[in-house]
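Just so it is clear, none of the values below were taken in a lab; they were calculated from the coordinates. On a predicted model such as this, the values are computed, not experimentally measured, just so you know. Using ideal geometry, Cβ is built from the backbone for each residue, glycine included, and neighbour counts are taken over all protein chains shown.
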Protein chains: 2
Amino acid sequence: MMPRNKHADDNRPPLLAVAEAKQRILDGLGRTATEKVSYGSALGRTLAAPVYAKASVPAFDLSAMDGYAVRGEDVKTLPARLTRCGESAAGHPFTGKVARGEAVRIFTGAKVPDDADVIILQEDVDAMSEENGITITIKSGNPAGKHIRRKGLDMEKDTPVLDAGQHLSARAISLCLSAGHIELEVYKQPRIGILSTGDELVPPGTTPAKGQIVSSNAQYLADFVEMNGGIPINLGIARDAAGALAEALEAHAELDLIVTSGGASVGVHDHIAGDLDGANQKVDTVNQTQIDFWKIAMRPGKPVIFGKIRNIPLLGLPGNPVSSAICAMIFLAPAMAHMQGRHHQDMTFHAMLASDLRDNDKRQEYLRATLAYDAAGRAIVTPASLQDSSMLSVLANADVLIMRPPFDPARHAGDQVTVLPIPRLF
Amino acid sequence: MMPRNKHADDNRPPLLAVAEAKQRILDGLGRTATEKVSYGSALGRTLAAPVYAKASVPAFDLSAMDGYAVRGEDVKTLPARLTRCGESAAGHPFTGKVARGEAVRIFTGAKVPDDADVIILQEDVDAMSEENGITITIKSGNPAGKHIRRKGLDMEKDTPVLDAGQHLSARAISLCLSAGHIELEVYKQPRIGILSTGDELVPPGTTPAKGQIVSSNAQYLADFVEMNGGIPINLGIARDAAGALAEALEAHAELDLIVTSGGASVGVHDHIAGDLDGANQKVDTVNQTQIDFWKIAMRPGKPVIFGKIRNIPLLGLPGNPVSSAICAMIFLAPAMAHMQGRHHQDMTFHAMLASDLRDNDKRQEYLRATLAYDAAGRAIVTPASLQDSSMLSVLANADVLIMRPPFDPARHAGDQVTVLPIPRLF
């Protein structure tokens, strides 16, 4: 038997920077097809075509306040006495003409009569009743146009109100409705296969035998995929054996992406990379696999794989639950956004550190931390004292991740650090 | 006919502070009943009882690295030559004894053999093969316990891992599974009736006639209610008439909360307050209504009503879409959290202002703004130049709300201001 040193690390590629890994994942992913959906099921989808306003909104000049619509020439000298000639209420526009010396009672949201150009607030008017024909006294004036929402203020007919690539939030959908649309052209929901790997895993609801643990990553990833607009497909638990990946994919040719957790390292019992990169030639020939990278300069989460099997992209996340969840936030969220035709940008902020941090090594770090506020309302972040990547209890109670670049110097209590708020349901 | 001055504002209560309004809403709301749900449908729900660990996690000391498990006494002088006596892999624990001079090959996640207390990393070992019985050479040592995840590190058997009131994020559900639970005791989803009011409104998909507009708030609120864990029930569009509210509630006694949009002001055509506070005695007697408040010191969103009708709490939001959406974020989100047994805390941060802001008046202000980053990665917020509360196009493109307290002095480009990130799908 040939002497082999299984442990040498020298011929491995250097650690890949997080940003480059993210870009290479996006470069390796296509977009889903498009379809039309009704507004009631559009939340979280992404527009595949721009949305144009079918009509101007508002469709007419309208009053932003309750008061009286008058002609500016009639209120040049105050007080002015005018005759109430009618009323314009929301949904019940005044259709007559406003003659000299006349005023139209007007309410918020109502059409401004064509001949009126000034809105007098109701508190600046003495009126005896709400009846037409009475005389009212205007005590204070207003510049022409003030408190009038002009036709087209929110959107002009036939102009784009949202671009392709727009993530459909509740407020964006509301805008589409206002623009006259009830069907929207969106990217299809990507179908994401989720595969857990590891001989130690038993499904939720099973009492683990000696040496076993309950699999929890698959459910995390299923919830995560749904929140990011995808359809999760549970592929179950694959055992630690060469070829197990290909086996799990039988009858799942329709997937847009496969996400695995565990088995992503390069140990003797980690087979995801081996199944992809052709270390096992037999599997490779059958499955047309290729690997892009497998080691990233981040903590937690160094062993992350990206490759293809049977021409389906595969993102291999680490098995430790915290590493898996954080790598999902950093890589899977932008990947799923990209597949749905939109750009994902994490929102980050600065916050004040509550305790010291020692200098960072070559890996980008994502520290679990809780958020509080000082008396002045400034955000204070406290990194958890234990940052082990197996500790779900710490992650479940974290509000933010403190992001530290490689070789970040030591930080001290009171310093500002960059934080990534964890979305509430992630 | 008695002279009446419809316009006097003097006998109205002063504007209510946002924080006090929020507290009075919470005080007026009960909690929903509880039920058990399966982990697969627990996302976004709130725990009604603490979750205890059914077993310690990990259930045994395990190795955090690939390497060799040895007895500390055997590696006091280095290099040390030991005999490989077995293997411990994840899911396949080594069950024998480790005698003096022996080493067990061990992999990440595997149980540490009882007699071993030191993990030697594989890169610190020369080994000719992966076979038992061979001699291996330990080149570098490690302190006892290093790279060992101790039994109970994440959770100890029979101790609480999550408290009642915990919002069930994907990571919290993952923790519950790890703790051995597949059913969770949670608060029921509140049933939220959504009623739009206004004679000018037509349903989505209808071409508005002169003076009409498409109703978009109800869909916003339905999506918002779902994202906050509730069940939206669309009550349609009520007309601007006294008693319309009570009419819309016929056959909806099962609601936990009614949310209205529009008609919340005190104009002649705004009837929500009137329907509640007994201005119309006939309606009041029949419907047992009461009102708490209706004017809040905030912009947008001054006319917000909170009261009860037929003993169902009612939150009356303004009709302008931006006011309605922002009031939902500020009042409805914490209200729904409270009904589900949890405390809602907005996450706010500071960011640098890109343009000047004039001094604020007596109302708390929520300015729509976009977020960008400078070269140093600092968050820069740019308030939209138009802040009209009818402009959905501005809200749909906003990333954050700049929060300004009453009487906030003028702010200048470069100043730090408080921002509330808008959740992506809100």
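Between residue B:310 and residue B:361, the modelled labels are 3.9 nm apart [label points 7 Å from Cα along Cα→Cβ].
Taking amide H atoms as placed 1.01 Å from N in the peptide plane, the amide H of residue A:162 lies under 5 Å from those of A:51, each 5 or more residues away in sequence or on another chain.
Each Cα pair under 8 Å and six or more residues apart adds its separation to the average, and for segment B:62-149 the resulting relative contact order is 40 percent. In the assembly of identical copies, residue B:343 has its label point, taken 7 Å from Cα in the direction of the beta carbon, separated from the corresponding points by 3.9 nm (ascending, one decimal).
With a simple spin-label model that places each label point 7 Å from the Cα along the Cα-to-Cβ direction, the separation between residue A:77 and residue A:407 comes to 8.1 nm. In whole angstrom, how far apart do the alpha carbon centroids of segment B:19-76 and segment B:79-155 sit? The two parts, judged by their Cα centres, are 31 Å apart. Spatial offset of segment B:352-385 relative to segment A:325-342 amounts to 28 Å, using the alpha carbon center of each. When the listed pairs B:36/B:308; A:210/B:54; B:22/B:362; A:302/B:157; A:22/A:295; A:157/B:210 are checked against a 24 Å cut-off, the alpha-carbon distance exceeds it for B:36/B:308; A:302/B:157.
Among B:299, B:24, B:358, the residue with the largest mean-square fluctuation in a Gaussian network model of chain B, with springs joining Cα atoms closer than 10 Å, is B:358. Using the empirical formula 2.2 N^0.38 Å as the baseline, the Cα radius of gyration of chain B reaches a ratio of 1.41. Per residue of peptide A:80-91, the mean number of Cβ atoms on other chains within 10 Å of the residue Cβ is 3.
Let me know the shape class of segment A:349-421, please: from the alpha-carbon gyration tensor, a ≥ b ≥ c as square roots of the eigenvalues, rounded when a/c is under 1.5, otherwise prolate if a/b is greater than b/c, or oblate. Taking the square roots of the gyration eigenvalues as a ≥ b ≥ c, segment A:349-421 is oblate. Compared with the direct C-alpha span, the chain from residue B:114 to residue B:33 gains 24.4 nm at full extension, assuming 0.36 nm per residue.
Think of it as helices only: each DSSP H run of n ≥ 4 in chain B is worth -39500 (n - 2.57), and spread over all residues that comes to -4000 deg cm²/dmol at 222 nm. Excluding same-chain neighbours fewer than eight residues apart, the aspartates and glutamates reachable from residue B:97 by a Cα-Cα span under 12 Å are B:87, B:114, B:115. Fewest neighbouring Cβ atoms within 10 Å first, the residues B:129, A:385 line up as A:385, B:129. Reported value for segment B:92-188: 155 Å³ per residue, from the convex hull of its C-alpha atoms. Across segment B:349-421, the relative contact order, built from alpha-carbon pairs under 8 Å that are at least six residues apart, equals 49 percent. The ranking of A:373, A:366, A:39 by Cβ neighbour count inside 10 Å, starting from the fewest, reads A:373, A:39, A:366. Ranking A:67, A:85, A:29 by Cα position along the charge dipole of segment A:1-153, where only Lys, Arg, Asp and Glu carry charges on their C-beta atoms, puts A:29 farthest toward the positive end. Applied to segment A:237-252, the Karplus parametrisation 6.51 cos²θ - 1.76 cosθ + 1.60 on θ = phi - 60° returns per-residue 3J(HN,Hα) values of 10, 9, 7, 6, 8, 4, x, 5, 4, 4, 4, 5, 8, 3, 6, 10 Hz, with x for Gly and Pro.
Computed from the alpha carbon atoms alone, the convex hull of segment B:62-149 holds 74 Å³ per residue.
Can you classify the protein assembly as shown as rounded, prolate or oblate using the Cα gyration tensor, where a ≥ b ≥ c are the square roots of its eigenvalues, rounded means a/c under 1.5, and otherwise it's prolate if a/b beats b/c and oblate if not? Prolate shape, in that a/c is at least 1.5 and a/b is the bigger ratio. For residue A:194, the residues whose amide H sits under 5 Å from its own are A:233, A:234, A:235, A:259, ignoring neighbours fewer than 5 places away on the same chain, with H placed 1.01 Å from N. Over chain A, what is the relative contact order in percent, taking alpha-carbon pairs closer than 8 angstrom and at least six residues apart? Reported as a whole number, the value is 15 percent.
Kirkwood analysis of segment A:43-87, using all unique Cα-Cα pairs, places the hydrodynamic radius at 15.3 Å. For residue A:341, list long-range residues whose amide hydrogen, built 1.01 Å from N in the peptide plane, is under 5 Å from its own amide hydrogen. Close amide H contacts, sequence-distant or interchain: A:32. When the Gaussian network model of chain A links Cα atoms closer than 10 Å, the mean-square fluctuations of A:74, A:158, A:356 top out at A:74.
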